[in-house]
1. For the stretch 417-476, what is the Kirkwood hydrodynamic radius in Å, using each pair of distinct C-alpha atoms?
2. Among the DSSP beta bridges whose two residues both lie in the stretch 6-130, what percent are antiparallel, rounded to the nearest 5?
3. Straight-line reach only, C-alpha to C-alpha below 19 angstrom: list the aspartates and glutamates that Lys135 could link to, leaving out same-chain residues fewer than 8 apart.
4. Take every DSSP beta bridge whose two residues both sit in the chain, then give the antiparallel share in percent to the nearest 5.
5. Can you pull the semi-axes for the stretch 207-353, root of five times each eigenvalue of the Cα gyration tensor, sorted largest first, whole Å?
6. Relative to the present Cα-Cα distance, how much length would full extension add between Ser408 and Glu66 at 0.36 nm per residue of separation?
7. Express in whole angstrom the spacing between the alpha-carbon centres of the stretch 93-109 and the stretch 196-270.
8. Past 21 Å, Cα to Cα: identify those pairs from Lys188/Lys463; Lys291/Lys330; Lys58/Lys386; Lys57/Lys230, in the order given.
Amino acid sequence: MPERRTVALVTLGCARNEVDSEELAGRLEADGWDLVEDASDADVAVVNTCGFVDAAKKDSVDALLEANDLKGHGRTQAVVAVGCMAERYGKELAEALPEADGVLGFDDYADISDRLQTILNGGIHAAHTPRDRRKLLPISPAERQESAAEVALPGHAPVDLPDGLAPASGPRAPLRRRLDGAPVASVKLASGCDRRCSFCAIPSFRGSFISRRPSDVLNETRWLAEQGVKEIMLVSENNTSYGKDLGDIRLLESLLPELAEVDGIERVRVSYLQPAEMRPGLIDVLTSTPKIAPYFDLSFQHSAPGVLRAMRRFGDTDRFLELLDTIRSKAPQAGVRSNFIVGFPGESEADLAELERFLNHARLDAIGVFGYSDEEGTEAATYENKLDVDVVADRLARVSRLAEQLVSQRAEERLGETVQVLVESVDEEGVYGRGAHQAPETDGQVLLTSGEGLRAGRMVEAKVFGTEGVDLVAEPLQGSFVPGEEAAR
């Protein structure tokens, strides 16, 4: 019997990339590859790259070089780049990084096994020539679903595939293979984006917005629940647009309660919400539906009107604060996070002061701050009124310091609250989990002071009595069980 082929997937970037990696893993496993965790144990190391900002690109290149260093010292024979950076730069990346034995775009995903086998055999698969993926689907959202089957959409693999292609996990199995045993998993709700923010290149390589069908999202969630997942996080470039190409812009409001009713799922979290697209009905569902986390990942980016207009975005400080007031009037404990760009071309000291005014009043649980830098192919890269790099760096440091202080203050406001904590790790370092206001890896965590009887995947109620920066310290309530946990014991 020939020796089994082995492959390791190294994932960088966002939760959307994690979903894509698990789809690639499902395809490879279905075609006979053995999946291993350590790249040094793999015949082929596949690096799922991020192409969003310069720091992420550098991390991706470093990961490819690190994997390349394994060749000749262990089992690894080939290193292959996939993901956003590979899709965005194609041949350019292949020429600049000869250490990569292959650079595969999204169109290669359906044939990933054959591509890797060709490369492993010493063959060459030519890197693709990048193209604007927004042009692959009709301009009209209503016409896109008919064309979707002709376009590679990572993370949209159909459910109940024919001919035994799906992993042997039951009739509802998607073409996906989990790469860890964490009790939380992301589910892709849609791909692409129709917004034209002047600083963002993502639509050019991720394409126009297209929704997954609700039945596929539901079936994948059921499958994940069968794998032991307790929390799902819905991801896309813009979840508030979900359903617009399916004829119902309010489709998310009806889908969320159905997801919350899936057996085994204890919490549903929605990420990537656009403030300009928030609807009263969506706020109501997010703040009042059992098992739906009252969590708002709102992409504010700035709050000074002039800067927002230059970004091709909408809103201002007062409108954003009104939105937050509306949310908290319905769910006082709601979690809110956002990211901001400082040093945008033309940003004045008054604009920066306006952003600081917003941050001081917004009471955000988590804040990401980034200094502006040009992204090739974007409108903002052509702007003339750029700020000096030292000015951008100073503003980044200034707002980052403020953000650190504010999220610590917000954490202190939660002293005395009772939070529902999903336990994620139990080891010699302690028992750690996340409350409903904390998304994985970005928003801090909860340290539980008592771990007796707890295990990863348990949902417990705990009372907050301390903070460590953005993190909370809480004591599990004696004998407490979140509804559904008692029956699951």
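1. The Cα-based Kirkwood calculation yields 11.0 Å.
2. Around 0 percent antiparallel, to the nearest 5.
3. Correct list for Lys135: Glu87, Asp107, Asp108, Glu143, Glu146, Glu150, Asp194, Glu237, Asp245, Glu376, Glu379.
4. 35
5. 31, 17, 13
6. 119.5 nm
7. 29
8. Lys188/Lys463; Lys58/Lys386; Lys57/Lys230
The values are calculated or read from the model by the stated rules, or taken from the named source; none is laboratory data. Please read these numbers as outputs of a predicted model, since none were measured by experiment. Accessible surface is based on the protein model in full, side chains and every heavy atom, while ligands, DNA and RNA are left aside. Shrake-Rupley method; radii C 1.70, N 1.55, O 1.52, S 1.80 Å.
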